[in-house]
1. Using modelled amide H (1.01 Å from N, peptide plane; none on Pro or chain starts), what sits under 5 Å from the amide H of B:Gln337, excluding residues fewer than 5 places away?
2. Kindly flag which residue pairs out of C:Lys131/C:Lys222; C:Lys21/C:Lys108; A:Lys143/C:Lys202; B:Lys622/C:Lys54 have an alpha-carbon separation exceeding 24 Å in this structure.
3. What is the helix-to-structure angle for B:235-246, meaning the angle in degrees between its Cα long axis and the longest Cα principal axis of chain B, kept from 0 to 90 and rounded to the nearest 10?
4. How big is the shadow of the Cα convex hull of the stretch C:2-118, averaged over all directions, in nm²?
5. Can you pull the Rg over Rh of the stretch B:474-526, Cα-only, Kirkwood?
6. How big is the gap, in Å, between the Cα center of the stretch B:158-212 and the Cα center of the stretch A:158-196?
7. Going out from 0 in 20 Å bins, what whole percent of all Cα-Cα distances in chain B drops into each bin?
8. Mind jotting down the distance between the C-alpha centroids of the stretch A:262-281 and the stretch C:13-32, whole Å?
Amino acid sequence: MKYLSKLQKMLDSGHFAVTAEIGPPKHAGAHSIRHHAQLLKNHVDATNITDSQTAIVRLSSIASGVHILDCGIEPIVQMTVRDRNRIAIQADLLGAYSLGMRNLLCLSGDHQQFGNHPTSKNVFDIDSMQLIYLMSRMRDEKKFFCGEEIKEYEPRFFIGAVANPFADPFEYRVDRLEKKIEAGAQFIQTQCIFDMERFERFMEMVRARGLDQRAHILAGVTPLKSWRAAKYIQTGVSGMIVPDSLVERLKNAADPKKEGIKVCIEQIKHIRENIKGIHGVHVMAIAWEEVVPEIVEKAGLYPRPQVEFNPEEND
Amino acid sequence: MTELLPPCTNACPVNTDVRGYLAAIARRDYKEAYRLIRASNPFPSVCAWVCPHPCEDNCRRAGVDAPLSIRSLKRFAVDAAGANRQPDERAQPTGKKVAVVGAGPGGLTAAYDLARLGHQAVVYERNQSLGGHFLTSLPTYRLPREMLQKDVEEILAAGVQARTGINVGRDVTIARLKEEYDAVIIGVGLSESKGLPLPGFANPGVMKALTFLHEANTGGKPAIGSSVIVIGGGDVAMDVARTAVRLGAGAVTVVCLEFRDIMPAHSWEIEEALAEGVSLIPGYGPVEVLTEDGAITGLKTQKVKSVFDQEGRFNPTYEPTTFQTIPCDTVILAIGQGADNSFLYDSGLAVNARGSLETDRKYLSTSLSGVFTCGEVVTGPGPAIAAVASGHRAAALVNDYLNGNKTAACEKETQAIGALPEKVAERVPRRSRQEMPVLPAGERKKNFKPYELGLDEEAAVREAGRCLNCGLGAQVIPEKCAACLTCQRVCPYDVPVIEGMAGMPVEGCQACGICAAFCPGNAITLENLDEKGVTSAIASLGGAKSLVVFAERGTCADLKKVSSLENVLVVSLSTVRALQLQWILSAFENGAAGVVVAGCREGECRYAGGDELLKSLIGRAKNLLESIGLSPGRLYYCLPEEGEDPAGLIAGFLKECL
Amino acid sequence: MIIAQQKNIQDIAAMVGDCKKVLLAGCGGCVTVCLSGGEKETEILAAALRLMKKQAGQPLATVTYTATRQCEPEFIPPMDELVRDVDAVISLACGVGVQYLAERYKDKWIVPAMDTMFAGGATGFGSWEEKCGLCGDCVLHRTGGICPVIRCSKSIMNGPCGGSQHGKCEISKEVDCAWQLIYDRMKALGRLSELTVIQPPKDWSKARDGGPRRILREDLIKG
Ligand SMILES: Cc1cc2nc3c(=O)[nH]c(=O)nc-3n(C[C@H](O)[C@H](O)[C@H](O)COP(=O)(O)OP(=O)(O)OC[C@H]3O[C@@H](n4cnc5c(N)ncnc54)[C@H](O)[C@@H]3O)c2cc1C
Ligand code: SF4
Ligand code: SF4
Ligand code: SF4
């Protein structure tokens, strides 16, 4: 059995995977990326690198990937359809593969109006669904998006997608997940879970359709630094649900940061022990990467199983 | 083609421009109001007192709250216009001569028109004065004779000549007149009260209405007793009864065939008579005047079963055995008037079986070419204004005849604008009707002084402002309409319909002009708004440093104080909500130092809806002024609060600006 | 219909800063209907510009003309006479009209008074909304009659994205999520299953392409 990436191998072998997220900086220096990679190296199986998250210009995800790879972690390259047309996307992904990236997460991308270039022109030539489909077809049928044949060295990504159980319409979220899997998504990372009850309902429907058998679902978690952060997400970010009880809990905490970490650990344990069909967690410690090792350790996910994977072994 | 008229105008026999003069009153232009009234009626003052106002009975405002007090307003205009009036224009003399027999409203109108057309018009009247029934029959408490005098003077001033004291038929024959004149018009009216061929009616104590009234009106003391019965159910009977009351008769009773609800007298005449103490016995017909020793003791009457037969003809039937005897010492007959045919003597004119003049009612001709007729003698009894209308028509026909026009003018066909649609009527803000103030019955019945006091100026202006300006509404210029729906979206009455292009059904349109203010294609015009007048008023500034005040017509009237100031131009609009942005700009362009939009007090706008759109327009104007380098403070939306005087506020702003 | 709105008057004035006389050309088509460039707005703009320039001590003369439609070349020539003795023409039509004017009056300075916004319609008096992306390849039959190209802020063909919440788009609580609307309508029509089909990438060559898009109707073209 040949694996596309170490992450795939890890998941396919039945391990409960741990991924984290590294946000590249708003400048051309790589030290913070490398610093975080070093920090996470032994505690996670792969790290996502965001693609100009919230439409703020940052060091590119592919270039960041090179640094991370160099530090010894397997990157998950995020690719949004917001900034590139289908020509640029393909060109960049051919490049990424050539540089050793093996995991690809396909997303729409936040609208540019939230970022630091709100007057820019968005692209949205294709959507994330189409990107998933076209990239898996590229791998499996050796075709460019246009259908033209790729004679050799087609990129062979382990393709992932995101799912947001907290967006509306709720019932349709499972349909759309299925559609993504249908399109070729092999792993799924969910939006940050704060409303566990809703997530459980979502997973029930997912399992009912057997979708957990067809793709590896990684539950997204985020440690919150303060009740203000919780409140902001609750009211200011579309597609997120934060229960009032959580806001209250942080508000009443003597040390909110500690409490935030504690909550996150509880969530991971709960998900792992009680929710069937989840194959890993994706820890999004936004601008707080340094707490990830502690969380992973206290959640009982440390040490990480050792899986051997040689990127060249497929080529 | 049938002309569509406001129902008031359409109901008026001379098609008086009612809404025109009401609008003039509303803007306090009383001379113009008077001019408009007189344009179709040489008896403005008389009619202002006595016209039974069919206009009012047809007023569309009735669909909202109550009809306009039109006659009261006419009376106000006539009073307010004062003496300083425009002389009539006269055409070049034609050398043609027309004799008019009878100086009632019909004959005088005909003569007046002919005189203005340049013909020599000579009126022959057997009385010593002119006016027909106005002079002899109408009670003076209803028609002060100065009013008649005023109208007659103006008629004579137009060149009409009068030969009074000449009884045609006796002093001169029509045949003679025909020789002397190019045409003759017979307007002798109906000057004989009808009698009744029943027992006792030959008694000298039985009087006839016209004789009785004539005597009373000329200061005589008709010989009535203390208990008077007036027979008849029409307006003349009411005049007789009320005159008898004023002459001091103790008891006055009106007996008539008709039941109360079908009495021919106008309802207000009956009510006023009752208020003055007249009693009414309707539904009884006279049988006999009872006498004792030659003196009248009572009237025997019989109960009426029905007045009209199945075909609707007057044909009374009686309850065979129900009689009522009413004691009285005087009986006055007011059961209708007929012509005094003495004018026919040796005239050579054909008469009908009943001995009356043979006429053509449409062309007002007689059996002799060149001899025409007008007034009640041909139309039968009716309101004076109908005699006036007939006088106009006779003059037009005679003029055609004199000019050799074979095809006599047809009367134009007219039609009234239909009723106000309910959904529009519902939205029209309610405004109470200003009634004519009158002396209390107890007081007025004591003498012959006029008892209608006339509206005061404020009441009149307010009342005139109730007019819905029927028919002056939005007109769409088809080439310009883009069917954009704006008019439909802004109309406070939901009137416009867009079918291919916009149309504002005349029945519904309230002529506010709000749609025109927003129509992006400038495709809407309204007579009621008079856009041309607005633009030329603004242009008339010619760069002079001044203040321009846009105001609703009624408000304009309140702004007299302001408009009389130097440097102030008040531009009147149907409503300030019809204000157009380009007018504001144009005012500044023409030198205005400031522009005021004189808003209405809360709830006082003539039209439905609020001023939100106007506020937005003013907001836009201010922004625009600011961005082109003019201080937005130079535009002032003046919204007086309760008790605040807009004129004061505006004067203050004026000081700031200049 | 094309929805346009007037530029700031200062920007318009700056375009004709050195002119003594200008023609303001209104349009009786879409911009009349959307209340921005018809005869009334043309007169208002003319008056405002005159006033502004007078204020600045550089009086400006204006003439106005409102064409039936500026987007048809045949409606332009009636302006010839007026254009002759002005220094510039300010068009209150959409971009199409401005270009027809520029094409016909080669040696005149032709400037736009409008920002041509979108293809849409009124949502009430004084409010308009974009409804169609003019993509040249209509998908409304697949999306319940609601255009995802323009009404979805990301033009997603397989929506809704994860930003959809309470029926609103992630970009603003004022903006309906087009995909929520599509979902609701398809559900009401009992056609939800159609949404599970993965919509292929759109053929944008029919939309905005390198050059002007053209339609040539062989059946109508003479000769
Ligand atoms: C009591 C009464 C009250 C009325 N009240 C009102 C009212 O309130 N409002 C209203 O609108 N209408 C009223 N009318 C009706 C109105 O007066 C008549 O409609 C109107 O006067 C008719 O005008 P005319 O010109 O046809 O005739 P008349 O007014 O009758 O004028 C005819 C004239 O011809 C003269 N004449 C007659 N024979 C000869 C002759 N042989 N030679 C010379 N001259 C002659 C008469 O002396 C008279 O002056 C009233 C009528 C009466 C009788
Ligand atoms: S509202 Fe005015 S115009 Fe209309 S019928 Fe009454 S008086 Fe005449
Ligand atoms: S507002 Fe003017 S252009 Fe629009 S439909 Fe009405 S009349 Fe026609
Ligand atoms: S004039 Fe007034 S009532 Fe008549 S259609 Fe226009 S907005 Fe409506």
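The values are calculated or read from the model by the stated rules, or taken from the named source; none is laboratory data. Being a predicted model, the structure only gives us computed values, none of them experimental. Reconstructed Cβ throughout: ideal geometry from the backbone, glycine too, with neighbour counts over all protein chains shown. Keep in mind that these areas ignore ligands, DNA and RNA; they rest on the heavy atoms of the full protein, side chains included. Shrake-Rupley method; radii C 1.70, N 1.55, O 1.52, S 1.80 Å.
1. Hits under the 5 Å cutoff: B:Lys194.
2. Details: C:Lys131/C:Lys222 34 Å; C:Lys21/C:Lys108 12 Å; A:Lys143/C:Lys202 18 Å; B:Lys622/C:Lys54 18 Å.
Going by Cα-Cα distance, C:Lys131/C:Lys222 fall outside the 24 Å limit.
3. For B:235-246 against chain B, the angle is about 80 degrees.
4. On the way: hull surface 24.1 nm².
Projected area, direction-averaged: 6.0 nm².
5. Numbers: Rg = 9.3 Å, Rh = 10.4 Å.
Looking at the stretch B:474-526, the ratio lands at 0.89.
6. Using only Cα atoms, the two centres lie 108 Å from each other.
7. Percent of Cα pairs in each bin: 17, 42, 30, 11, 1, 0.
8. If you average the Cα positions of each part, the centres end up 66 Å apart.
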